[in-house]
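Just so it is clear, none of the values below were taken in a lab; they were calculated from the coordinates. These numbers come from a predicted model, not from an experiment.
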Amino acid sequence: MSSTTITALAERLDQAAHRAQATPQLEDPISLEQAYAIQHESVQRRLARGERRIGIKMGFTSRAKMVQMGVSDLIWGRLTDGMLVEDGGSIRLADYVHPRVEPEVAFLISRPLSGRVTLPQALAAVEAVAPALEIIDSRYQDFRFSLTDVVADNSSSSGFVVGPWRSPAIDLENLGLILSFDGRPQAFGSTAAILAHPLRSLVAAARVVAEAGETLSPGDIVLAGGATAASALHAGLHVSLEVEALGRCGFHVEKE
Ligand code: OOG
Ligand code: MG
């Protein structure tokens, strides 16, 4: 695949995200390496519009997510400040194609982390942990994609909410969580669904950024991945997440 094709696909996916308009599935199969090259270039276009890189998100770190989307490999995507939704804030459906929400855990990084690291090394690089909600939005029609196609689409990164930061001394291994829609439980789970311990997702994050020649830096946010399957959003909805020992966060979807 030529660099002009990579640029054209990066532009197509970036424009689909920017305009909140679905794009057809990619016509030709691409390699994982090409997929990450397209992702990188599409995110560069966001940065060129003034957005700032603020971290990364891990994907398919739980069985529930792999089963829902029919893929089985861990992926990652890049987060910008333009994706950050204030805790308690609101989003407009018009800014998304067909958004879904999933319960996650966020890490705030305190010192550079990259490459092969142990669980204690990863933990030592964590400033704080928080409950988080990821708003994913595939730019592909019908929210259908192959593993490489979703990677090219920045792993459906679109929005995220981070709750109050807590001490990293809180053991994240098996914390119960409830995602609620309008105060009614929509999904139950445990942080144990995320690679048996969300910290393993941070270990994986350090490895994958290193493969891309990058590093996690102080101030970066890392989303560990959805603990349950994602749920579709609709106008007027209030979404909240409660994670045992970590607390809660939430947002509103504006009425149309
Ligand atoms: C891809 C993104 C996966 C997660 O937490 O597993 C992801 C998707 O499901 O569209 O964010
Ligand atoms: Mg996610």
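With kT/(6 pi eta Rh) evaluated at 25 °C and eta = 0.890 mPa s, and Rh the Kirkwood radius from Cα pairs, region 138-256 diffuses with a coefficient of 151 µm²/s according to Stokes-Einstein.
Eigenvalues of the alpha-carbon gyration tensor of region 39-178, scaled by 5 and square-rooted, set the equivalent ellipsoid semi-axes at 24, 18, 17 angstrom, largest first. Seen from all directions on average, region 214-256 presents a Cα convex hull projection of 5.1 nm². Taking only the alpha carbons of the chain, we obtain Rg and Dmax values of 16.9, 50 Å in that order.
Quick one: Debye curve from the alpha-carbon atoms of region 123-179 only, equal weights, vacuum; give me log10 I(q)/I(0) at q = 0.14, 0.23, 0.29, 0.30 Å⁻¹ to two decimals. Log-scaled intensity ratios, in q order: -0.59, -0.91, -1.11, -1.15.
Scalar couplings 3J(HN,Hα) for region 60-67, obtained by applying the Karplus form with A = 6.51, B = -1.76, C = 1.60 to θ = phi - 60°, are 6, 9, 10, 5, 4, 6, 4, 5 Hz; x denotes Gly and Pro.
Computed over the alpha-carbon pairs of region 1-108, the distance histogram in 10 Å steps reads 11, 38, 42, 8, 0 percent, short to long.
Sequentially through region 154-165, phi angles give Karplus couplings (6.51, -1.76, 1.60; θ = phi - 60°) of 6, 6, 6, 4, 8, x, 7, 10, 10, x, x, 6 Hz, Gly and Pro residues having no value and appearing as x.
Based on alpha-carbon atoms, the Kirkwood radius and the radius of gyration of region 182-227 give Rg/Rh equal to 1.13.
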